[in-house]
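Quick note: the coordinates plus some simple rules give every number you see, no bench work behind them. In this text, all values refer to a predicted model and were calculated from it rather than measured experimentally. So basically every Cβ, Gly included, is an ideal-geometry build from the backbone, and we count neighbours across all protein chains shown.
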Amino acid sequence: MPSVSSIAVGANMAAAAASKARHGMNENIARLSTGIRAMYGGDAAGHSVGTAVSADGGGYSMAARNIEDGISYLQMGESVLLEAANLATRIRELGIQADNAALLSTSDTAALNAEAALAADTIDMILDETQFNKVPVVDSAQSRTVTINYGYLTANTTTVGAETAVTAMTGISAAAGADATADTFLGKAAEALGNIAADLTALKGMQGVANSTSANLVAAGARLMDTDFALETADLAKNSVLNQAAMAMASQANQAQSAILAVLQ
């Protein structure tokens with residue numbers, strides 16, 4: 001085989017192999033350092049699908065947090081109505097006691113009237129003033145609702161709240177006859193509590209689905225996008241050996257080419 005002094009074919013081949021091995025090492029290092037399998041175009045399709053799936057998972061996770069806000073809102077409303085019902089029950093007792101006026105002294109009647117009026121004012125205050133993030137929980141004039149977006153791909157919503165007008169017991173200045181007003185209030189409060197309980201059950205079910213869906217989507221995205229550290233580490237070791245071997249062969253090829261000089265001596 002003739003010797004050509006101007007071209008070191010072996011050295012060029014070894015250099016090309018070393019370049020390829022270095023690219024492989026760079027890819028391995030990038031994937032190991034970032035944890036992303038698709039770095040350097042490793043899996044473009046998988047990366048695209050994984051990004052979309054992971055985004056969906058994040059959306060459902062946020063939906064679960066939104067639902068938690070709705071649950072907190074309803075639990076506040078439930079607490080308000082339970083306290084208001086306790087006060088209304090006491091007003092009812094005072095009204096029934098006031099019916100026994102023939103056996104009550106003037107001071108007894110005054111005490112009953114004062115307690116009934118104060119209890120009614122307290123109901124009015126807690127209904128009007130209790131708020132969740134500046135949103136009234138149970139308004140004395142109308143039912144308040146909130147909309148919870150529990151879906152991500154579709155705009156699924158549900159309306160929650162007392163869903164019935166719970167009117168405060170205003171205008172009570174005497175215990176006599178207050179039991180009838182209390183009965184009306186307790187009926188409305190019971191209806192509102194039933195609606196809230198139903199909404200809580202529904203929201204907890206929606207939240208369970210949102211949490212499990214989020215977990216499964218995030219896991220699917222990780223399988224598509226995350227680096228396989230065992231495989232990538234083994235590939236890095238292989239590329240490192242190939243790079244060192246190619247560089248050694250390039251050195252050997254260059255030394256062999258210099259043998260041509262012996263002919264000229």
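Key figures
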{"read-out": "Long-range amide H partners of Ile36 with built H, under 5 Å", "value": "Thr227"}
{"read-out": "Phi-based couplings in Hz for the stretch 105-120 (Karplus 6.51, -1.76, 1.60; Gly and Pro marked x)", "value": "7, 4, 5, 4, 5, 5, 5, 4, 4, 5, 5, 4, 5, 5, 4, 5"}
{"read-out": "Check: the stretch 44-225 dipole with +1 on Lys, Arg Cβ and -1 on Asp, Glu Cβ, in debye", "value": "940 debye"}
{"read-out": "Theoretical FRET efficiency, 1/(1+(r/R0)^6), r = Cβ-Cβ of Met247 and His23, R0 22 Å, to 0.05", "value": "0.95"}
{"read-out": "Positive-end extreme of charge dipole, the stretch 44-225 - chosen from Leu193, Tyr73, Leu87 (charges on Cβ)", "value": "Tyr73"}
{"read-out": "Amide H contacts under 5 Å for Phe132, placed H, 5+ residues apart", "value": "Val137"}
{"read-out": "5 angstrom amide H check on Ala162, placed H, neighbours 5+ away", "value": "Arg144"}
{"read-out": "Rg/Rg_ref, the stretch 44-225, where Rg_ref = 2.2 N^0.38 Å and atoms are Cα", "value": "1.49"}
{"read-out": "Contour excess over end-to-end distance, with Cα ends at Leu82 and Thr106 and 0.36 nm allotted per residue", "value": "5.4 nm"}
{"read-out": "For the stretch 180-196, Karplus couplings with θ = phi - 60° (6.51, -1.76, 1.60), whole Hz, Gly/Pro x", "value": "5, 4, 5, 4, 5, 5, 4, x, 5, 5, 5, 5, 5, 5, x, 5, 5"}
{"read-out": "Estimated FRET transfer efficiency when R0 is 45 angstrom, pair Glu68-Ala180 (beta carbons, to 0.05)", "value": "0.65"}
